[in-house]
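The values are calculated or read from the model by the stated rules, or taken from the named source; none is laboratory data. Since the model is a prediction, treat every value here as computed from it, not as a measurement. As a convention, Cβ positions derive from the backbone with ideal geometry for all residues, glycine included, and neighbour counts pool all protein chains shown.
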Amino acid sequence: MKRLVECVPNFSEGRDAAKVDAIVAAMREVSGVYLLDRESDADHNRSVVTIAGEPEAVAEAALRGVGKAAELIDLTRHSGAHPRMGATDVVPFIPIEGVAIEDCVALAKKVGREIWERYRIPVYFYEAAAQRPERTNLENIRKGQFEGLREEVLRNPDRAPDIGEPRLHPTAGAVVVGARKFLIAYNINLNTPDLEIAKRIGKNIRFSNGGLRYVKAMGVDLRARHLAQVSINLTDFEQTPIHRVFEMVKREAERYGVSIVGSEIVGLIPKRAIELTADFYLQLENFSPAQVFENRIEDSFAGAPVQGPGKLAALAQPFLDAVAQPTATPGGGSVAALAGALAASLGQMVAGLSRKKKSQAAYVERLSDALAEFQAASRALAEAIDRDAASFESVMAAYKLPQSAPEEAKHREAAIQQALQGAASVPLEVARRAAEIFERLRQLESMASPSMLSDIRVGRLMAAAAVRGALENVAINLESITDAAFAARMRAESESLSARVGETPVSAGRT
């Protein structure tokens, strides 16, 4: 049976895209770990990363993320709207498949011990992994945040960590590690900058103050948007559905003469939670999840071979749906990266099949080398799909930074320029890799089975499209970059890459 665990570490950095990229890269170095989502918020100055995989692989990835965050994040210089006590603030493990909550508790305890052994960062355990009843709730552990806990832990034994010495790491603070069920992070924005109203609403709806069961909430100041936010953690969406939370916040807001201007999901949300909300607002009679088209498709093809009728379309549809959404990401950059990955995958297929044929026996060694190259290129470009989207999200986050004071405006402009350079660099990497694939596929023609020549030609067309599409994304970002030397280097390389794919007729006959 497959054993699948999710981990959602929260890092105290949401403004410096390069630092977040480095943390995520450290986690992705672990084989068998899949990056499901990453989101950064400049107001909160916090990033939430979602990974999944086999328990041991996920545990190692989380540990590497903690280590890299400790290197890059200095809490003595950190500020943001969201409470925090660590460079890596929380590391929860969530059972997904073939794993029980007890297994995640054991995993949390193992990771907690290893954090102290590797990095000398003290650890507290929460939720199902809590070693004391009062530490089940994260807010009790995090009371006073980094600055307050740093002083109190020295004189109050009750605030001592569960693992490590009774003092915080000088710059990385402490890490809270735990095990819990699936949590929905849900924020509701109000049409007022009055933080006190958001705080009162948060107090009224959270369970610890007599509000809704399975709800934690607080008020947050979104300075860049001149709004107040009710930030919510929903720990059991089936017992307390998301629409019930929305309606209670709406009623509480009306008491203060304000209204809701929007809400957001941070990270991922189960489809079941959306179904419950749709059922409530549409007042559907005798509604069943089986009536949802995607659910029926999934049930129909469960256990069917990947190559079965309709199955390939079902595999592609989630990405197509994501691109079709009225959101900025994923966009053209991610589509260009996918085109390059598909080109490399076609090369991988052709090389793999050709080396099995007796007629191509003389090329087995060269085909094996090509297979490995295409495989690596496909993986790198697939990762670039998320990297491109994340780089553009960093640009949007930078534009949302406050700019009221001269220092804030200066910091905002510097963050924008840094993010724009990152958003130009990622598609340029895609173009480089795709240009290499374009040329490598041409070399493959002389070694491959003649029956697969059309696959090579389609691959070259896709690779050329990837280069040109990626370079379009480079160009549009360069328009706003003020570093003339950086822009000149990027334009020069862009011209060179464009020339490499040129107008080469891929349908030429074999020579």
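Given the criteria at pLDDT 95 or above, among the β-branched types (V, I, T) and not in a loop (DSSP other than H, G, I, E, B), does V91 qualify?
Numbers: at pLDDT 95 or above: yes; among the β-branched types (V, I, T): yes; not in a loop (DSSP other than H, G, I, E, B): yes.
Yes.
How about region 79-117: which of its residues are out of contact with any strand residue (DSSP E or B) (no Cβ under 9 Å at 6 or more places or on another chain) and of a type outside the set (D, E)?
S79, A100, K110
Would you be able to say whether some residue in region 262-274 is crowded, with 19+ Cβ neighbours inside 10 Å, touching a residue at least 40 places away in the same chain (Cβ under 8 Å), among the polar types (S, T, N, Q) and in a strand (DSSP E or B)?
no
Quick grid of which residues meet (1) in the same structural domain as V123 (by TED's automatic domain parsing); (2) under 25 Å from W116 (Cβ atoms); (3) surrounded by fewer than 22 Cβ atoms within 10 Å (Cβ to Cβ); (4) of a type in the set (S, T, N, Q):
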site	(1), (2), (3), (4)
P9	yes, yes, no, no
R15	yes, no, no, no
A22	yes, yes, yes, no
R28	yes, yes, yes, no
L36	yes, no, yes, no
H44	yes, no, no, no
E60	yes, yes, yes, no
A69	yes, yes, no, no
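Restricting to region 117-154, give me the number of residues that are touching a residue at least 12 places away in the same chain (Cβ under 8 Å), within 18 Å of I73 (Cβ to Cβ) and not in a strand (DSSP E or B).
Total meeting the criteria: 10.
Of the conditions (1) touching a residue at least 24 places away in the same chain (Cβ under 8 Å); (2) of a type in the set (S, T, Y); (3) in a helix (DSSP H, G or I), T482 satisfies every one except a single condition; which number is it?
So T482 meets the others, but not (3).
In region 100-128, how many residues are surrounded by 18 or more Cβ atoms within 10 Å (Cβ to Cβ) and among the small types (G, A, S)?
3
Please enumerate the residues belonging to region 181-231 that are assigned to a strand (DSSP E or B) and over 27 Å from the mean Cα position of the chain (by Cα).
Of everything in region 181-231, nothing turns out to be assigned to a strand (DSSP E or B) and over 27 Å from the mean Cα position of the chain (by Cα).
Mind listing just one residue for me: the one in region 232-248 that is among the charged types (D, E, K, R) and assigned to a helix (DSSP H, G or I) and, of those, nearest to H411 (Cα to Cα)?
Start the filter on region 232-248 by keeping residues that are among the charged types (D, E, K, R), which leaves 236, 238, 244, 247.
In the following step, the residues that additionally are assigned to a helix (DSSP H, G or I) were identified as 244, 247.
On the way: R244: 40, E247: 38 Å.
Step by step, filter region 232-248, then rank; the result is E247.
Suppose we filter R457, R440 for residues that are surrounded by 15 or more Cβ atoms within 10 Å (Cβ to Cβ), at pLDDT below 95 and touching a Ser or Thr at 6+ places or on another chain (Cβ under 8 Å); which single one remains? Outline the logic, then answer.
Values: R440 fails: touching a Ser or Thr at 6+ places or on another chain (Cβ under 8 Å).
Criteria check complete, one pass: R457.
Which residue, of A431, A448, A465, is outside any helix (DSSP H, G or I), small (G, A, S) and over 25 Å from K400 (Cβ atoms)? Give the derivation first.
Details: A431 fails: outside any helix (DSSP H, G or I); A465 fails: outside any helix (DSSP H, G or I).
After applying the criteria, what remains is A448.
Would you point out which residue out of V426, V474, V467 is more than 23 Å from E393 (Cβ to Cβ) and within 26 Å of the chain's Cα centre (by Cα)? Quick ask: steps written out before the conclusion?
Working: V426 fails: more than 23 Å from E393 (Cβ to Cβ); V474 fails: more than 23 Å from E393 (Cβ to Cβ).
After applying the criteria, what remains is V467.
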